[in-house]
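S.K.: Below is a structure I'd like to ask you about.
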Amino acid sequence: MILKRMADGKANIDTIAGDLHMSRQTLFRQLKAESTSFQTILDETRKALAADYLLERQFTFLDIAFMLG
């Protein structure tokens with residue numbers, strides 16, 4: 001879900017919470033109960049994608065930075 005929203009530039013907690021049919025606060029509480037946060041998950045997703053893109057050697061650093069926001 002985050003990957004899809006990253007592609008359309010709407011990877012934020014409000015949009016993802018809406019996609020999950022819950023309020024922002026409910027998502028926040030559920031993530032906190034799992035000892036994580038939306039920002040942590042988003043950062044980890046970006047990091048994993050950046051590593052994949054670098055391994056592919058198909059994109060420049062600038063391209064990767066642009067794609068990942």
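S.K.: If I ask for residues that are over 20 Å from residue 30 (Cβ atoms), among the aliphatic types (A, V, I, L, M) and without any contact (Cβ under 8 Å) to a residue 60 or more places away in the chain, which ones from the range 1-18 would you list?
M.R.: 7
S.K.: If I go through the range 30-39 residue by residue, how many of them are assigned to a helix (DSSP H, G or I) and either touching a strand residue (DSSP E or B) at 6+ places or on another chain (Cβ under 7 Å) or surrounded by 12 or more Cβ atoms within 10 Å (Cβ to Cβ) (or both)?
M.R.: The qualifying residues number 3.
S.K.: Which of the residues spanning the range 40-62 are among the charged types (D, E, K, R) and not in a loop (DSSP other than H, G, I, E, B)?
M.R.: 43, 44, 46, 47, 52, 56
S.K.: Something else about it: How many of the residues making up the range 1-24 are more than 19 Å from residue 66 (Cα to Cα) and open to solvent by less than 100 Å² (accessible area, probe 1.4 Å)? Lay out the reasoning, then the answer.
M.R.: Narrowing the range 1-24 to residues more than 19 Å from residue 66 (Cα to Cα): 1, 13-24.
Subset that is open to solvent by less than 100 Å² (accessible area, probe 1.4 Å): 13-20, 22-23.
Number satisfying all stated conditions: 10.
S.K.: Okay, moving on. Taking interchain pairs and intrachain pairs at least six residues apart, which have beta carbon atoms under 8 angstrom, with the first residue in the range 46-64 and under 21 Å from residue 10 (Cβ atoms) and the second open to solvent by 70 Å² or more (accessible area, probe 1.4 Å) and assigned to a loop (DSSP other than H, G, I, E, B)?
M.R.: 46/69
S.K.: May I pose another question? Here's a check for you: in the range 40-69, which residue that is polar (S, T, N, Q) and under 19 Å from residue 1 (Cβ atoms) is most open to solvent (accessible area, probe 1.4 Å)?
M.R.: Among residues in the range 40-69 that are polar (S, T, N, Q) and under 19 Å from residue 1 (Cβ atoms), the one most open to solvent (accessible area, probe 1.4 Å) is 40.
S.K.: Pull out all pairs, ordered by first then second residue, where Cβ-Cβ is under 9 Å, the residues are six or more apart or on different chains, the first lies in the range 23-41 and is among the β-branched types (Val, Ile, Thr), and the second is in a loop (DSSP other than H, G, I, E, B).
M.R.: Filtered contacts from the range 23-41: 26/20.
The values are calculated or read from the model by the stated rules, or taken from the named source; none is laboratory data. Computed from a prediction, not measured in an experiment: that's the story for all the values here. Neighbour counts are summed over all protein chains in view; Cβ atoms, including those assigned to glycine, are modelled from backbone coordinates with ideal geometry. Keep in mind that these areas ignore ligands, DNA and RNA; they rest on the heavy atoms of the full protein, side chains included. Shrake-Rupley method; radii C 1.70, N 1.55, O 1.52, S 1.80 Å.
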